[in-house]
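To start, the structure itself, in structure tokens.
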Ligand code: MOS
């Protein structure tokens, strides 16, 4: 088959659904207009550990408009079946199934009322009494459970024998995802059948969990999620409020809308866990790292064992002969964490990349040069060839564009008035995760197409990038193609996590649309009345909705003509993508991140003046939306480095700053000159469309680049995140 010219792919399209979003017509989970829907508000626990001893719901129940108050005392027993899925190991929180309180903010009741105002007020009237026990919410000094380890060479011996030794301990704050749209669900039962309009990064995740909890077959549950106002990972599992919405709808016999408040977003939808990370690093005088010893510990809940990818970077980022890793999680009386942008990698990269900067400083080697000296030619953890690894090129390009050579390596050597100026660099890396995906496409007689897959668009621009791919594969204009997503009635796709969507769903869309185009071409070449009759199908391409001989474009006809003559209303095709089971390649995306900061010498305030990231991510399908991702990741990195910190009062397990006034995130005034560069090219060893994934990678490496710039500006090395003014004074 002849490759199609790529016109839409690679062009800087704006979001195809942008108009719907800015005109308020995008149908988010609780925006969906359902006649007769009532409102549910969750009541959450004010203790972190203990049991409920009393529940007075009388005032709430007699409040006008209230239909029902559901607690563990009157809730029906639910099945909560285990199933092979993505929930962490352990026993998940069971909504209203007993009197136990496992963490602060746990749902203990739900009030259902005819208006949101009545439900909110009545929720405040529910009186809960507790028998409270002393909770443990601080991981400091806790041994934890070993959940992973790795060794190559003899890291202890190599460390002991190293010319230069660094031993560091990092304390990385807990962060919350804070998507703009709070988690929300609308639930409606029609007899045995349940429909959920849910904020989720994967409609099939929601369906699987709901089926397991209520013990109902998948054909009785439909989950719809066309628009998601950000996720950053918090929508990668189905949290209790979804179950509560479905339960409430069943109990009152009416459709129910349930949205978490911003405050509740800090309690029950996961967080990036706090890390206590001990790292030892040994090197020779030439700047070759000879030993790395990692001992990371992160938070988990007492009821579930959270896992994230904390070990990969330490094994494959640099060519280190001796590595040892012991990974622990520490059970606490908290809600279970969940993957947050660049999960595992963002935290690990901070520790490794700050340590590398310290090593560079100690040895008097340029930090870029130090990384190049430790660049592997094959994946040192598996011996595999890299599908592509162009990190050296990222650093060279970045150094040139950033003006790195003008840097005076001496810390505290550059001033701009009251501001100490510094620059720093770090590596970013994230694995190329691929998942099985299916799609369906339909081409209509009027020359338009509809393509669908049950994926999500939690912000990266999936609607747009899939439309671009499909348009080129079908030889149509972008406006002639509609891509649909977010519905369990559509062909199955993986959740939108781990940056797998573009590569995986994109490859499925490519396959589907290639098949559909080929069908039309075969129809034409086999049709005696077609100008293409008898032509080799491999010589036909479709451009502007017109099938034509590749080298003789005058010979051809349009889809419309072909369909009309054959009395066809439409053609359709199913396609899929399955990742290669035993790929011989090590597949990762890479970045070199350069940052410049100013630090107010009197106040310790840090301002990020500019960030430049250079990416090796394979092919970029949608450059404008890639930029949107990349800049978002840099802004997230500024937050992680300087601002974001979920504060717990360890005396009673209460989360102190559960709101966007006290949980700090970067605002426009914090964001100055951000720039992303993508190395040209693609990675066909990774997947058919040559994409390595971008969404997680963009955050990895940003926080350490900023921290290293802060050191260069001030001479102060901070091993705690966020880096606060107090730490620099
Ligand atoms: Mo991403 S943390 O897998 O949404």
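Shape of the chain from its Cα gyration tensor (a ≥ b ≥ c, root eigenvalues): rounded if a/c is under 1.5, otherwise prolate when a/b > b/c, or oblate? Each step should come with its number before you reach the end.
Working: a/c = 1.91, a/b = 1.06, b/c = 1.80.
Cα axes put the chain in the oblate bin.
In percent, what relative contact order does the chain have, based on Cα pairs under 8 Å that are 6 or more apart in sequence?
Details: 1889 pairs, mean separation 126.2, N = 729.
The value is 17 percent.
Tell me the mean residue ellipticity at 222 nm calculated for the chain from its helices only (DSSP H runs of n ≥ 4, each -39500 (n - 2.57), averaged over every residue, nearest 500).
Values: 16 runs with 172 residues, N = 729.
Theoretical 222 nm ellipticity from helices: -7000 deg cm²/dmol.
If you average the C-alpha positions of segment 227-282 and of segment 1-62 separately, how far apart do those two centres end up, in angstrom?
Comparing the Cα centres of segment 227-282 and segment 1-62, I get a distance of 11 Å.
Residues in segment 661-686, backbone N under 16 Å from the label point at residue 647 (7 Å along the Cα-to-beta-carbon vector): list them, ranges by number please.
Correct set: 661-665.
Under the classification rounded if a/c is under 1.5, otherwise prolate if a/b is larger than b/c and oblate if not, where does segment 101-216 fall, given a ≥ b ≥ c as square roots of the Cα gyration tensor eigenvalues?
Details: a/c = 2.97, a/b = 1.99, b/c = 1.49.
It comes out prolate by the Cα gyration axes.
What list do you get for 1, 640, 587, 490 if you sort them by fewest beta carbons within 10 Å? Mind showing how you got there, number by number?
Details: 1 13, 640 31, 587 24, 490 19.
In increasing order of surrounding Cβ atoms, one gets 1, 490, 587, 640.
Using the count of nearby Cβ atoms within 10 Å as a rough guide to exposure, how do 22, 330 rank from fewest to most?
Values: 22 10, 330 22.
Ranked by crowding around the Cβ, least crowded first: 22, 330.
So how do 550, 515, 21 line up by other beta-carbon neighbours within 10 Å, fewest first?
Working: 550 16, 515 19, 21 13.
Ranked by crowding around the Cβ, least crowded first: 21, 550, 515.
Computed from the coordinates by the stated procedures, all read-outs in this text should not be read as laboratory data. None of the values given here were measured: they were computed from a predicted structure. Neighbour counts run over all protein chains shown; Cβ positions are idealised from the backbone, glycine included.
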